[in-house]
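Structure first, then comments.
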Amino acid sequence: MDPKTLSVLEYPKILDRLKTFCDFSASMELARALEPTDSHDLALARLAETTEARKMLSMQDIGIGGAHDIRPAADLAARGGVLDPQQLLDVKSTLISCRELKKSLERKTDEYPRLAQIAEGLPESRGIVDAITRVVSDRGEVLDSASPKLATLRREIKIAHDRLMSRLQKYLTDSGNKLQEPIITQRDGRYVIPLRAEFKGQIKAIVHDQSSSGATLFVEPLPVVELNNRVRELELQARDEERRILYELSVQIGEHREELTYGVENLAMLDLIFAKAKYAEELKASEPILHSTKAERRKKDSPHLSSFVFRLNQARHPLLDPQTVVPIDVDPKPGTRAIVITGPNTGGKTVSLKTVGLLVLMAQSGLHIPAQSGSELPCFQAVYADIGDEQSIEQSLSTFSGHITNIIRILKQIDQRSLVIFDELGAGTDPQEGAALARAILTFLLETGCTTLVATHYPELKTYAHSTEGVVNASLEFDIKTLRPTYHLTIGLPGRSNALLIAQRLGLPQPIIESAKAEISPEDLRADKLLDDIRKERNRTSRERQKLEKARDRLEAQTKEIEKRLEKIEDERREVLAKARAEGELEVAVLKRNIESLKSQLKKAKQPLQALKEIEEQVEEIEEKIEAPVERRQTTDHGPSLSIVHRPLSLGERVLVSTLNADGVVTALGEADAEVQIGSLRVRARLTDLMRKGQDVESPEEKKKEERKLEAEGSGQAAVSGTKSPGIELNLRGKLVEDGLDELERYLEKAYSSGLLFVRIVHGKGTGKLREAVRSALKSSPYVASFEEPKDNEGGAGVTVARMAK
């Protein structure tokens, strides 16, 4: 790519920002050297890598950790150099980072194939990590355990040092008045004491140094010279042993220099890809659709080459504040090769040109662009731009000369696969000659077949764009009311100067305004009026479209919300049906058990079993209904005498729950069931089991069946299927313990026979004797599976809730 163009379009600033997301120096170097590619395949691969990295970062927190650029250390080791402990720790942390990253990507090759392929080039530890761990501590010190010899030497150093310190300490004690201060210090690697100069000669010693004032002499007493020598000798031996150990480690690293170098390069490449992904997240960018631009021959029946797909939706300049920048749409009609942008000064023409050029460079560098998803760009072979003031004092060039010199250079290099961006084409000279030159250059660019974006003030270029095939006008709007640019780019309409309107709003006398209008051609005034009407109509249409889009978004959101609610309702319906099915199965099981008990009793009484056949048939019918697939319930009217609720229930209505023989208030309604508040308890019941107060419980047909069953059973036996519920609550308050237990036993037997799932025993708190007796009876009752004390707001210690046995 053209280096001058990269600078003009501020591409280096993009790289500077990208570097801030890199974690180590090697990837920063890659970011600094990143350039757009003219290869369509390579650009697509780069974009795909960034997409994979963004996906991976969204799923897990991943990075290169404490990696370093260890290539210089590996080169030094390969040349026979000795690495210091810190360099070895850098090698260790880098290899650990490579190992962890490689392991993470190897497990997800199918999800991130491109990243996994790069990770294959990361180096293996080859035992280097373990070797460094055995030798060097995390603080960068060679460990005693690095070798037996080093451990022995350090033990001897400690012993010799302790002896030396002990002797010197004796001098401090015995000669305290002769010393400047009672401390032991070092000079030239020897341990010495600070002797006052006036006592020189009173202690036989070697002078190693003196203070700047000469008042203090740093001396080594002769009796400790041998001890000092011993310590020094041992320290030198330990240093040599440490160097030998570090050298062996360095040799091991040097043997894998090529692998380590290649691995660091791959690690830097992965870090750069993750940096691109992080930058894309910051920009809220998206992956563009990149099209190939292959060379084409001119068709005989067409004066121009075919155009490329170019579509940017809500594109933003990446270096501007995302909170304040105004996005632009660049979506010219098919066949467009050049866009001529007009508009007021400081209206955003240059920023629009730079936005397009910079996004093209970013896409071909593998960076996601700050634009809406679905944006499409060609992959250009070259991008050229002439933007800004090109005057030069050193070269004696004016603004016009500087622009023309740069344009001449660009025109010599372009072809149909180039993108050319010119700001203020033909400016800086006589307007008539500048406009003619601009038209001629634009014609040449069209004949070349390149894609062109031009910003200009010349009205002649507006006419040229309107009348020339492959060229389209564009403009940046200006708000006359606020006298400020809106920065909105409009494709298809040329810009207006608005000079007279601005002057009028600023207070220029009306006679001058009218005089100026008289100087303008009536056709030009009519054209301006027509453009103004078209712009207003277009703005109105745009506002209507935005309203429709918002309405569509609201409708989609409401549709999704309704779908979620329907799914929730369906889940609740299935849950209720499953619960009802389970209860039905339980009731059938109870009926079968009671029928078997009655059969046994009838056999013992030598009574015929024919009376139970009808009951068994009804039980079989109920069982078939329970096992049958559940279908949506259809509401039918069976007349006022039935126990079904015929018209819809309403919240707060009092009903009778037939299965519990208890009154309650409806608190929630479902499709096939309802929630009923019975005292302090809430239960869910089928709508078919609910009856309004005063409604008959049984139809005449059901009453006849009940009478036949009672007659068939005889001996006062109640029909099993018609056993009446005693209600879900028994009140024993005020009763004696013995009376209460008798009533409790009878109640539990009826509750069990009627198939109740749970019951509520109200015994009050009082002294607690009745409560303890009730709970003891419940514990030993064959009809009760378990019991518990409810919450305080449901009765607390004054109530016991029992769950009936199955």
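The values are calculated or read from the model by the stated rules, or taken from the named source; none is laboratory data. Just so we're clear, the structure is a prediction, and the values are computed from it rather than from any experiment. Cβ coordinates were reconstructed from backbone atoms using ideal geometry, including for glycine residues, and neighbour counts include every protein chain displayed. Remember, those area values only see protein heavy atoms, side chains included, never the ligands or the DNA or RNA. Shrake-Rupley method; radii C 1.70, N 1.55, O 1.52, S 1.80 Å.
Within the range 351-364, residues that are open to solvent by 10 Å² or more (accessible area, probe 1.4 Å) have Cβ atoms under 6 Å from residues that are modelled with pLDDT under 95 in these pairs: V351/H317; K354/L9, counting only partners at least 6 apart in sequence or on another chain.
Summed over the range 580-592, the residues that are open to solvent by 40 Å² or more (accessible area, probe 1.4 Å) and within 11 Å of D673 (Cα to Cα) give a count of 0.
Matching residues to (1) free of Cβ contacts under 8 Å to residues at least 60 places away in the same chain; (2) aliphatic (A, V, I, L, M); (3) over 18 Å from L236 (Cβ atoms):
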| site | (1), (2), (3) |
| --- | --- |
| I128 | no, yes, yes |
| D144 | yes, no, no |
| K149 | no, no, no |
| T152 | yes, no, no |
| Q169 | yes, no, yes |
| L179 | yes, yes, yes |
| P194 | yes, no, yes |
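Sub-7 Å Cβ pairs linking a first residue in the range 47-58 that is in contact (Cβ under 8 Å) with a residue 24 or more places away in the chain to a second residue that is surrounded by fewer than 16 Cβ atoms within 10 Å (Cβ to Cβ) and charged (D, E, K, R), at least 6 apart or interchain, are R54/E281, ordered by first then second residue.
Entry remark, the range 241-257: residues being assigned to a helix (DSSP H, G or I) and open to solvent by less than 80 Å² (accessible area, probe 1.4 Å) number 10 in total. Inspect all residues belonging to the range 125-132 and state whether any of them is surrounded by 14 or more Cβ atoms within 10 Å (Cβ to Cβ), modelled with pLDDT under 90 and not in a helix (DSSP H, G or I). Checking the range 125-132: at least one residue is surrounded by 14 or more Cβ atoms within 10 Å (Cβ to Cβ), modelled with pLDDT under 90 and not in a helix (DSSP H, G or I).
When we screen D524, D553 for residues that are modelled with pLDDT of 70 or more and either surrounded by 10 or more Cβ atoms within 10 Å (Cβ to Cβ) or part of a helix (DSSP H, G or I) (or both), the only hit is D553.
Counting residues in the range 690-700 that are among the acidic types (D, E), modelled with pLDDT of 50 or more, farther than 24 Å from P790 by Cα and open to solvent by 40 Å² or more (accessible area, probe 1.4 Å) gives zero.
Check E469, E433, E447, E460 and return the single one that is without any contact (Cβ under 8 Å) to a residue 24 or more places away in the chain and over 20 Å from V351 (Cβ atoms). Residue meeting the stated conditions: E433.
Do you know which of the residues in the range 398-438 that are aliphatic (A, V, I, L, M) and modelled with pLDDT under 85 is surrounded by the most Cβ atoms within 10 Å (Cβ to Cβ)?
If we take residues in the range 398-438 being aliphatic (A, V, I, L, M) and modelled with pLDDT under 85, then L425 is surrounded by the most Cβ atoms within 10 Å (Cβ to Cβ).
If I go through the range 783-806 residue by residue, how many of them are open to solvent by 90 Å² or more (accessible area, probe 1.4 Å) and touching a Leu at 6+ places or on another chain (Cβ under 9 Å)? Here the count works out to 2. Residue check: I341 meets all listed conditions (1) modelled with pLDDT of 80 or more; (2) open to solvent by less than 60 Å² (accessible area, probe 1.4 Å); (3) in contact with a strand residue (DSSP E or B) (Cβ under 8 Å, 6 or more places away or on another chain); (4) at positive phi but one, namely (4). Here L143, L95 are screened, and the one residue that is in contact with a Ser or Thr (Cβ under 7 Å, 6 or more places away or on another chain) and open to solvent by 40 Å² or more (accessible area, probe 1.4 Å) is L143. Being within 25 Å of D38 (Cβ to Cβ), modelled with pLDDT of 90 or more and either of a type in the set (S, T, N, Q) or over 24 Å from the mean Cα position of the chain (by Cα) (or both) is true of P378. Looking only at the range 42-54, decide whether some residue is under 30 Å from E248 (Cα atoms), open to solvent by less than 50 Å² (accessible area, probe 1.4 Å) and touching an Asp or Glu at 6+ places or on another chain (Cβ under 7 Å). No: zero hits.
Can you name the residue in the range 165-217 that is assigned to a helix (DSSP H, G or I) and among the aromatic types (F, W, Y) and, of all such residues, is nearest to the chain's Cα centre (by Cα)? Before the answer, list the steps.
Initially, the range 165-217 is screened for residues assigned to a helix (DSSP H, G or I), giving 165-174, 176-178, 197-199.
Next, from what is left, pick out any that are among the aromatic types (F, W, Y): 171, 199.
Numbers: Y171: 70, F199: 77 Å.
The qualifying residue nearest to the chain's Cα centre (by Cα) is Y171.
Residue count for the range 660-689 satisfying the condition of being modelled with pLDDT of 75 or more, in contact with a helix residue (DSSP H, G or I) (Cβ under 8 Å, 6 or more places away or on another chain) and open to solvent by 40 Å² or more (accessible area, probe 1.4 Å): 2. Looking at the structure I just gave you, is L222 touching a residue at least 40 places away in the same chain (Cβ under 8 Å) and open to solvent by 30 Å² or more (accessible area, probe 1.4 Å)? No; evaluated as a whole, the condition is false for this residue. Considering the range 152-164, the residues that are surrounded by 15 or more Cβ atoms within 10 Å (Cβ to Cβ) and of a type outside the set (S, T, Y) include one that is nearest to the chain's Cα centre (by Cα), namely R154.
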